[in-house]
1. What average number of partner chain Cβ atoms lie no more than 10 Å from the Cβ of the residues making up A:125-131?
2. Given N residues in the range B:15-133, what is Rg(Cα) / (2.2 N^0.38 Å)?
3. Greater than 32 Å separation of Cα atoms is the criterion. Which listed pairs, A:Lys50/B:Lys31; B:Lys50/B:Lys80; A:Lys41/B:Lys41; A:Lys41/B:Lys31; A:Lys80/B:Lys50, meet it?
4. Would you mind giving the mean number of other chain beta-carbons within 10 Å of the Cβ of each residue in A:108-121, as a whole number?
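Coordinate-derived values only; no laboratory data. For clarity, every value in this text was computed on a predicted model and none was experimentally measured. In this analysis, Cβ positions are derived from the backbone assuming ideal geometry, glycine residues included, and neighbour counts consider all displayed protein chains.
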2 protein chains.
Amino acid sequence: MATTLKTPENASDTDAANQPIEVRFRMRITKGETIAIGPGKVSLLEAVRKHGSISAAARSLDMSYRRAWLLIDELNRSLKSPATISEQGGQSGGGCVLTPVGESIVRLYRDVETQAQAACAEQIESLTQLLKP
Amino acid sequence: MATTLKTPENASDTDAANQPIEVRFRMRITKGETIAIGPGKVSLLEAVRKHGSISAAARSLDMSYRRAWLLIDELNRSLKSPATISEQGGQSGGGCVLTPVGESIVRLYRDVETQAQAACAEQIESLTQLLKP
């Protein structure tokens, strides 16, 4: 089966048959027009923790360095205390680690996803029962 | 204050200050690459219920008729029994109403959002406490 993104135009019932049903929860905490904390920023924090720099994290997510840096900057500016510390400062691509605040954001956000799904198991089951197998 | 969408480039700390913090939960049930049930389709079902046709629902959401029709078609093809009934059939833009299945989808989906937020109140409070006021 092709792995290209399906659009309504090229998807078919045959493609959908026998594909597993997945449930994804996404929470966004917004302030005005800005998504202060959301799935993109949390995945980026996890990638920074794993790879040790914004540039390596961006590469691992197939994201430009510029976009990753802007997301981290936007996150840090929305927080009382920053989620990351850049070891060499500036935009030169030095090392970057999570602060305890950054670690808390990742943990709390992933807890929310797990707990939300558990709390709504009954409705999710009812919804998936409406879908073709 | 301008109502244009803020991007990292034109947003500033001043814009964000005194804006209310909002929490939004979004659940997507996917099958393969297709979002079988998600926030866009549920909002569209609600608009169909309110406005009585796909064309009026599309207008109310600032969406093209074609896109709305494709979303409804994709939803109905993913369900054992359809969520809508078109009163005149075809794509001619006649009336459209929700079936009991469509009503169930809207109710269950909105229940999930409310219940998820209630179940995660503690973590959400901890996360928002990390944000600047």
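1. Values: counts 1, 6, 10, 4, 2, 13, 8.
Average per residue, whole number: 6.
2. On the way: Rg = 17.2 Å, N = 119, 2.2 N^0.38 = 13.5 Å.
So the Cα radius of gyration is 1.28 times the expected 2.2 N^0.38 Å.
3. Working: A:Lys50/B:Lys31 29 Å; B:Lys50/B:Lys80 24 Å; A:Lys41/B:Lys41 25 Å; A:Lys41/B:Lys31 25 Å; A:Lys80/B:Lys50 42 Å.
Listed pairs above 32 Å: A:Lys80/B:Lys50.
4. Details: counts 8, 4, 1, 5, 11, 4, 1, 5, 11, 4, 2, 7, 11, 0.
Shielding by partners across A:108-121 averages 5.
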